[in-house]
Structure formats: structure tokens, C-alpha cells
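To start, the structure itself, in C-alpha cells.
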Amino acid sequence: MKSSRKNGMRLDSPQQQEVLTSPVRIEIIERMQGSEPSSIGDIARRMGRSAASLYHHFRKLLAAGVLIEEGRRRAGRRWEALYRLAAPRFHMDLDQSSQRNVRCYRQSAGALLRLTERNFADALELGELVSSGRYRNLVANLKKARLSKTGLARVNRLLQEIHDVMREEDARGTGQPCALTTVLLPLLDTTQRNKESK
């Protein structure tokens, strides 16, 4: 486990990278970011799930070094373990020469999108949706564009600014809980391919 970005941890081993291929484990990590050491029961309540459904995922996160046992506390007649994240954020680099890494990267993106679909379905049941205007909290769109290196750098700068706003606002602990999922990827140039096939 190495840190190559400020305050983040790079997941290098297959065991570490595999933890990001599950929507449940991604949500556990997200729910623990910026929080005090928490028990499995605490996280289960935040996720609206049973603690029993999370034990398997906590074991994987612990084995990968993503979670650290921080201590124990009394819970009625028994003691329960408290956990914290090993770093504020986690990432894995794409290594296209490794089929296993590419598969994990693809599965991780798929897990994020499945989690987004679940969140979107839950949001539609809330009834507190605003889909237009300055304070909209629900939007889904796809934009394709040809980006120069300058344009790509600008998009990445703006995405980082959005992520910074989300992190700062969340640290305040007030306001409406919202989720933002971003996927930026290169596309096949179909116009070039069509020209070449003529």
C-alpha cells in the first residue's frame, strides 16, 4: 500500500484492488469517510442494512488494509470493535499490461454505476426532488465532446473543484445528503473509423 496522492492511499495488490469491485464495500468506505471510529452496527444503521450483511465486507476491507481496528467499546453486555479508514481516500492506478488490474478497474467502475443506480431509484421515492433551477438536486445526463488537452485539463480542474466543494460541505455535517458520480472516459472515434472503412 503506497500513498501517491496527497492524503490518499493507492491500492496496489490484487487483494486491495478487489475491495473496490463491490457496491457495498464502496458504500462502507463512503459512509466512514470523515467520521469517528465506528462499529459495524453504526455503519449498518447509516446504510439501512443489517449488521450481519456487512461482516463479510468488513473482513475483506480489514484484510486489504483499508480498514483498521481502532479499539473497542462496551455495547450492553458485550464489547464491539471500532474501525476507521486507513486513509481519507483510496484509488488504484490503471495498468493496461495487467489483465487482472484492468478487470478490477472495470468492475470497480461497474460497482460505482450500480450503486448510483440504486441511489437514483431511492431518490425517486423520496419526493424531495428538484430537477431544475439553481438548487436542483437531481440530474442525469450524458455529454460527449472532442476535448483538446487544454479542454481536458480544464474539465479535470473543474471536477476537482466540485469534489472539493462536496468534501468541504460534507465536513460541516449539515444540509441535504447528496451523491455525485462522475465518469470521464475516452470514446472510440466512430467518424474516423467510418472514414477508414469507406
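Taking the conditions (1) free of Cβ contacts under 8 Å to residues at least 60 places away in the same chain; (2) part of a helix (DSSP H, G or I); (3) of a type in the set (D, E, K, R) in turn, GLU27 satisfies each one other than (1). Residue under question is LEU115, and the condition is that it be outside the structural domain of PRO14 (by TED's automatic domain parsing) and either at pLDDT below 90 or surrounded by 12 or more Cβ atoms within 10 Å (Cβ to Cβ) (or both); does it hold? Spelling it out, it is not the case that LEU115 is outside the structural domain of PRO14 (by TED's automatic domain parsing) and either at pLDDT below 90 or surrounded by 12 or more Cβ atoms within 10 Å (Cβ to Cβ) (or both).
Residues of segment 40-59 being of a type outside the set (A, V, I, L, M, F, W, C), touching a Lys or Arg at 6+ places or on another chain (Cβ under 8 Å) and at pLDDT below 95, which ones? Listed by number, the list holds a single entry, ARG46. Restricting VAL183, VAL155 to residues that are of a type outside the set (Asp, Glu) and surrounded by 10 or more Cβ atoms within 10 Å (Cβ to Cβ) narrows the list to VAL155. Filtering GLY71, GLY110 for residues that are closer than 21 Å to VAL24 by Cα and either in contact (Cβ under 8 Å) with a residue 24 or more places away in the chain or not in a strand (DSSP E or B) (or both) leaves a single hit, GLY110. Would you mind telling me which numbered condition in (1) at positive phi; (2) part of a helix (DSSP H, G or I) GLY65 fails? Failed condition: (2).
The values are calculated or read from the model by the stated rules, or taken from the named source; none is laboratory data. None of the values given here were measured: they were computed from a predicted structure. Glycine gets a Cβ as well: all are built from the backbone with ideal geometry, and neighbour counts include every protein chain shown.
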